[in-house]
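Chemist: Pasting a structure here, questions to come.
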Amino acid sequence: MAEQDNTPVFQIQRMYLKDLSLEQPNSPAILLEQQQPQVDINLAMAAASIQDGVFEVTVTATVTTKVGERTLFLIEAKQAGIFEIRNVPQEQLQGILSIVCPQMIYPYLRAIVSDVCTRAGFPPILLTEVNFQAMFEAQQAQQAQQAQ
């Protein structure tokens, strides 16, 4: 029985849309503009323990499109997942929370952003694939450099 208690556990408890915002502050006038908008996309990730062995991981996309200095539209979407992760070595836990979980959440976030653009009357914005491993490694290197 003691062996079963030490068996690593990784389960998705739930995936859900945590927050969604669409703003078109300069409509309808800006919708008549013929210029190609500039698109700025920012991604953020967060992980928090919500109880022993259970974590919430979120991936947030902020998409800002502008024509000149005026905002055409702004979308902020936060997709989240609740994961049960137990009996995993501490040195592996951060990688799971920063790489594996976001990779599972991100396709849902991509679909939401594309759908919201379309429903708002714009061509869909397709978020590119993200290498969460490279992001994690860059973050670790930056933290190590700041520690020195």
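The values are calculated or read from the model by the stated rules, or taken from the named source; none is laboratory data. What you are looking at is a predicted structure, and each value in this text was computed from that prediction instead of being measured. Don't worry about glycine lacking a Cβ; one is built from the backbone with ideal geometry, like all the others, and counts go over all protein chains shown.
Chemist: What's the number of the condition LEU93 fails, among (1) surrounded by 13 or more Cβ atoms within 10 Å (Cβ to Cβ); (2) over 21 Å from ASP5 (Cα atoms)?
Modeler: (2)
Chemist: Mind listing whichever residues of the stretch 9-37 are surrounded by 11 or more Cβ atoms within 10 Å (Cβ to Cβ) and part of a loop (DSSP other than H, G, I, E, B)?
Modeler: GLN24, ASN26, SER27, GLU33, PRO37, listed by residue number.
Chemist: Between ILE50, ILE105, which is in contact with a Gly (Cβ under 8 Å, 6 or more places away or on another chain) and either at pLDDT 95 or above or within 20 Å of GLN140 (Cβ to Cβ) (or both)? Spell out the reasoning first.
Modeler: Details: ILE50 fails: in contact with a Gly (Cβ under 8 Å, 6 or more places away or on another chain).
Matching residue, one of ILE50, ILE105: ILE105.
Chemist: Do the conditions hold for ARG70, that is, is it among the charged types (D, E, K, R), more than 20 Å from ASP115 (Cβ to Cβ) and touching a helix residue (DSSP H, G or I) at 6+ places or on another chain (Cβ under 7 Å)?
Modeler: Values: among the charged types (D, E, K, R): yes; more than 20 Å from ASP115 (Cβ to Cβ): yes; touching a helix residue (DSSP H, G or I) at 6+ places or on another chain (Cβ under 7 Å): yes.
Considered against the rule, which asks whether it is among the charged types (D, E, K, R), more than 20 Å from ASP115 (Cβ to Cβ) and touching a helix residue (DSSP H, G or I) at 6+ places or on another chain (Cβ under 7 Å), ARG70 comes out as yes.
Chemist: Could we say that PHE73 is in contact with a Ser or Thr (Cβ under 8 Å, 6 or more places away or on another chain), over 24 Å from ASN131 (Cβ atoms) and surrounded by 14 or more Cβ atoms within 10 Å (Cβ to Cβ) here?
Modeler: Working: in contact with a Ser or Thr (Cβ under 8 Å, 6 or more places away or on another chain): yes; over 24 Å from ASN131 (Cβ atoms): yes; surrounded by 14 or more Cβ atoms within 10 Å (Cβ to Cβ): yes.
So PHE73 passes the test.
Chemist: I would also like to ask the following. Mind checking which pairs have a first residue in the stretch 84-113 that is polar (S, T, N, Q) and a second that is buried (at least 19 other Cβ atoms within 10 Å of the Cβ), Cβ under 6 Å, 6 or more apart or different chains?
Modeler: Matching pairs, first to second residue: GLN103/PHE132.
Chemist: Further question on the same structure: Of all the residues that make up the stretch 1-47, how many are in contact with a Lys or Arg (Cβ under 9 Å, 6 or more places away or on another chain), among the polar types (S, T, N, Q) and over 30 Å from ILE96 (Cα atoms)?
Modeler: Counting residues in the stretch 1-47 that are in contact with a Lys or Arg (Cβ under 9 Å, 6 or more places away or on another chain), among the polar types (S, T, N, Q) and over 30 Å from ILE96 (Cα atoms) gives 2.
Chemist: Looking only at residues that are out of contact with any strand residue (DSSP E or B) (no Cβ under 9 Å at 6 or more places or on another chain) and within 22 Å of PHE73 (Cβ to Cβ) in the stretch 122-148, which one is surrounded by the fewest Cβ atoms within 10 Å (Cβ to Cβ)?
Modeler: This residue is PRO123.
Chemist: Mind counting the residues in the stretch 32-84 that are of a type in the set (S, T, N, Q) and under 14 Å from LEU22 (Cβ atoms)?
Modeler: Looking only at the stretch 32-84, we keep the residues that are of a type in the set (S, T, N, Q), and these are 34-36, 38, 42, 49, 51, 58, 60, 62, 64-65, 71, 79.
Among the residues that remain, those that are also under 14 Å from LEU22 (Cβ atoms) are: 62, 64-65, 71.
Qualifying residue count for the region: 4.
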